[in-house]
Structures are given as C-alpha cells and as structure tokens.
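The structure appears right after this line, and notes come after that.
The values are calculated or read from the model by the stated rules, or taken from the named source; none is laboratory data. Note that the structure is predicted; figures quoted are calculated from it, not measured. Here the Cβ positions follow ideal geometry from the backbone for every residue, glycine too, while neighbour counts run over all protein chains shown. We work out accessible area using only protein heavy atoms, side chains counted, and drop any ligands, DNA or RNA first. Shrake-Rupley method; radii C 1.70, N 1.55, O 1.52, S 1.80 Å.
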Amino acid sequence: MSNGPFALWRWEMLWSDKAVIFDGFVTTLLISILALLFALLLGVIFGLLGTSDRKTLRMVNRVYVEFFQNIPLLVQVFFIYNAFPFLGMRWSSFMIGVLGVGIYHGAYVAEVVRAGIHSIPKGQFEAAKAQGFDYLQMMGYIVIPQTIKIILPPLTNQAVNLIKNTSVLATISGLDLMYQADSWASQGRLSYGPAYVVAGVLYFIICFPLASWARWYERRIKSREHIQLSDNAKDELMMMAEDVL
Amino acid sequence: MILLDHIHKSFGKTEVLHDVNLRVGEGEKVVILGPSGAGKSTAIRCVNGLETPSSGSVFLDGIEMTPKNRISLVRKHCAMVFQQFNLYPHMTAMKNITLALVKLQKMSRAEAEERANECLDIVGLREKAMSLPSQLSGGQQQRVAIARALATNRKVLLFDEPTSALDPEMQGEVLNVMLKLSHEHGKTMIIVTHEMGFAKQAADRIVFIDGGLVTVDSTPDAFFNDPPNERVKQFLSKVLY
Ligand SMILES: Nc1ncnc2c1ncn2[C@@H]1O[C@H](COP(=O)(O)OP(=O)(O)OP(=O)(O)O)[C@@H](O)[C@H]1O
Ligand SMILES: [Mg+2]
C-alpha cells in the first residue's frame, strides 16, 4: 500500500468519515453568518460615529478601529480564550468565533461604512438639511441608500475575509471546518494531504463566488456611475474593494 | 421677514463675514452680488442654518434661530436651490419632489404627486417626472431642483448661483423660470448670482457684499446706472465686459 500523502486509501478513508468534515463546514458557516451580522452591527454604529461632526465621537471610532485592526486576530482570540477565564469570563469557542471574529471584522466594516458615507457628495447632506430633514431622516432616506450600493463590493470582500479568518478557531478547538479537518487527520493515519485539500476546496466554494460577485458588481457600478462620488473617497473605497487580506 | 443681525462668521482663524446686517421683507426679491470669495454663499447659507454664525443672530419671522429650533424653522420657512443642483440621484424627479412633502409635510402620496406635477408644470418638465437626475440635462436638473424647492410651499426661496454650473445655452431656461417666480408676489427670494441681466429684471434690491461686509444696499436702478462707489464700478466693469 502506497504511503504517499495523497494515496488513494487516504481519500477513501476521508470519504467514509465525510460527516465529520461536513459538521465542521456547517459550524464554519454558522459562525461566519453570526459573526458577519455582529460585524455589520458594530461596523454601522462605529462607522457612523466616524462621520460625526463631534470630535469625541470620531475619536471613539478611531480607537475602536485602530485597536482591533492593528493587533493580529490570533492574539485577540488567544487572549479571549486563555486570559478571559482569569477575569471570570469563560467564552465557548463558538462564542469567541461569533463575538471575537465579529468585533475584529467590525473594525474593517466600520472603515468601509465611514469611507462610503464620506464618498457621498457634501451637496447631498446640504440638500437634505436645507429641506429640513433631521439626522436620521437624512441618513435613512438620502445618504444610506446611496452608500449601500457603493459599499457592497468592499463589504462582500470583508465577508470573504471573515469566513477565511474563522479558521483561526482551529487553534482553540473551534469545531470549525479547519479544526475538524486537522483533528481528523491527526487522530487517524495522518492523512493531512486530503484533509487540507478538502478544507481548502470547501472554503474556496463559499469565498470564490462571493469575491467574483463583488468584482462583477463593482465593475457594473463603475461603468454606470450615476452616483457621483468625490474622488478621494472613491479611491479609498476602490482600494478597500480590492484589498482581500 | 428675514433678519441677519450683526453676523460674524469665521472658518478656523479667518473671519469671512464681518458684521453682516440684512433685512429682507416678505415678498421681496433681493439679489446679492459681489466678487468671488466675498462671503455671499456664507451669508445666504446662514439664513437656513447651513452655516452657523460665530456671533450675531438670524431671525425668521421674528424668531431667533438656535441649534434646537433650526430644523423646525427651516421646515416652516426656507427652501434652497444650489449651484450643483444636489438632486437625490437615486430618486426620480417625482420622488425628489415628493420626499419632503410625504415625510415632512405628511401629505398623502396622491396629494404629494399632484403638487409635484403642478410644480413640474411651472418649470415645464411634467413629462420628465419619472426620469432619474442622471437622465436629465443640467438645465433640466436645476429646473427639477427649483420645482422641489417650490413644492414645499415655503415662503423663502434661497438661490446660490443657480446657473453658474450650467453651459451658457442652458442658463436661459433656468433664468426664465426664476424670472417667472420673481413675479409672484408672495415669495421672498434671495438670489446670489453673477447674471447682471437677471438681477436688473428680477431684483427689488441689490445687496453688494465685498470682503465680508454689506457695502451697498440699493435699488437695481441706482446700482447699475449710478454705481455708488469705485469697488462697484470695478466689479461691474469686470462682469459686464
Ligand atoms: N467651509 C469653509 N471652510 C473654510 N473656508 C471657507 C469655507 N467656506 C468658505 N470659506 C472661505 O470663506 C470665504 C467666503 O466664501 P464664500 O463661499 O462665502 O464666497 P462667495 O462670495 O460665495 O464666493 P464665490 O463667488 O466664489 O462663490 C472664502 O475665502 C472661502 O475660501
Ligand atoms: Mg459662493
């Protein structure tokens, strides 16, 4: 029997244990969706703070964004997993996945939201104010509907990053796709090759269509461009859209 | 009635309005002229609170504008037309006009659309009701913006260089609409413009702002035929020839 990393019997063994991998896949999807919702919630709140006229509110945005963007996700996850219990907070890996990864990506979403709102020409805010709309009406009827269209591509890329980044949960027994693939391989006959390939393919199957859609949609709005964006903000957004970490 | 009372306005350390005083009676058409950078926009934007004076007060019908009552005062009194039109690009002309009617003035959709059609008639664009701003020429966009300002039925219409962003061949259509409005007695209009021909025909009063001050406040006749000072002569010779 061949003992190569991709020997046929290894694939057969994986196939018969496919439920384990599938389990991880479902967990990864579930964590991703919940973390994404949490990231969106935080991102919208902190993104709006970042566009405030008030300096203190903008400071709150900066502190949140810079703190979570500039410390590796792995450090944050380890900290919650290993240090929080000493503070009397014991979060399950699932919770760390949803909340920890959500908070981390919320910082990126906040930047996307902030840049998106900044890209709306000042004249739109002024027209709304001159008509007598209050802040929430201005945002709800006029600014956000225009913002959503242009931030959808960079937001989708954030979703892709988030899905891939849930794989750090493998390091804290997260029961996610990467964890299941890895532990399956290490507990059996070290069939790491097929396990990682299958995990990679499964991540790819979710992420690639999302990223492709984002690229397609972005090209489409670029070509139509009936939303006039201020130039700086446009550059900033395009960079974010292309930036797949 | 509008009163700008000892308005000072600074951006950072530079003061751009030094003690501006202006009284505009109900139904008056006031044209503001002045060189570039003089503070015309800043002054007119104080009227509806787009700029907050560093000191001094704005009164609308005797009520002093404060951060608290700005929105309700503006809803009651003011509409504005901008140099860059500032239509909402994601809404049709109709929607642009009806939004404030439905959301702020609590009209039913049907009432609002009827009112919008009336106003589109006034600017001659009823057939463009379902167009998006991007499907309209600059002149048409500005006329929709005027219809949007008219629809809310506010007494004061503010115009900040409404034709400056337009190609010359489109300026006429917008100026004609504005001229038509200026013959309506009830509307108070404050218009910042560089169109001298329009100023002569439409204005009850010319206010000349220069270096952050109102330096002249006179009838169009006196202003154009017997310029009150050297600065005005200089200004007129530059814009007319
Ligand atoms: N938001 C701002 N921040 C800083 N400076 C400003 C701001 N708005 C206007 N200014 C300055 O204030 C002065 C007056 O500007 P304003 O726009 O009121 O002039 P204007 O008379 O309308 O000129 P124009 O005919 O060019 O429109 C200018 O020097 C301008 O640079
Ligand atoms: Mg101006």
Relative packing of A:168-177, A:91-100, A:137-146, A:14-23, which averages over residues the other C-beta atoms within 10 Å, highest first: A:168-177, A:91-100, A:137-146, A:14-23
Tilt relative to chain A, helix A:177-187 - C-alpha long axis, 0 to 90 degrees, to 10: 20
Folded to 0 to 90 degrees: helix A:101-118 orientation relative to chain A principal axis, Cα: 30
Cubic angstrom per residue, convex hull over Cα atoms of segment B:116-221: 115
Normalised alpha carbon radius of gyration of segment A:16-206 [divisor 2.2 N^0.38 Å]: 1.23
Translational D in µm²/s for chain B (Stokes-Einstein at 25 °C, 0.890 mPa s, Kirkwood Rh from C-alpha pairs): 133
Per-residue mean of C-beta atoms belonging to partner chains within 10 Å, peptide B:82-91: 6
Overall Cα dimensions of segment B:1-81, principal axis frame, Å, largest first: 32, 28, 22
Nearest-10 value in Å² for the accessible area of B:MET107, using the 1.4 Å probe: 50
Relative contact order (%) - criterion: Cα under 8 Å, at least six apart; region: segment A:16-206: 31
Residue mean of other protein chain beta carbons inside 10 Å, A:196-203: 0
GNM top mover of A:TYR104, A:TYR192, A:TYR203 - chain A, alpha-carbon springs below 10 Å: A:TYR192
On Cα atoms only, tilt of B:168-182 relative to the major axis of chain B in degrees: 90
Length-normalised contact order for chain B - Cα pairs under 8 Å, 6+ apart - percent: 27
Cα-based reach from B:LYS95 at 18 Å (exclusive), listing lysines while leaving out same-chain residues under 8 positions away: A:LYS129, B:LYS103, B:LYS106, B:LYS128
Shape category assigned to the protein assembly as shown from the gyration tensor of Cα positions, a/c cut at 1.5: prolate
Estimated FRET transfer efficiency when R0 is 35 angstrom, pair B:ARG23-B:LYS68 (beta carbons, to 0.05): 0.90
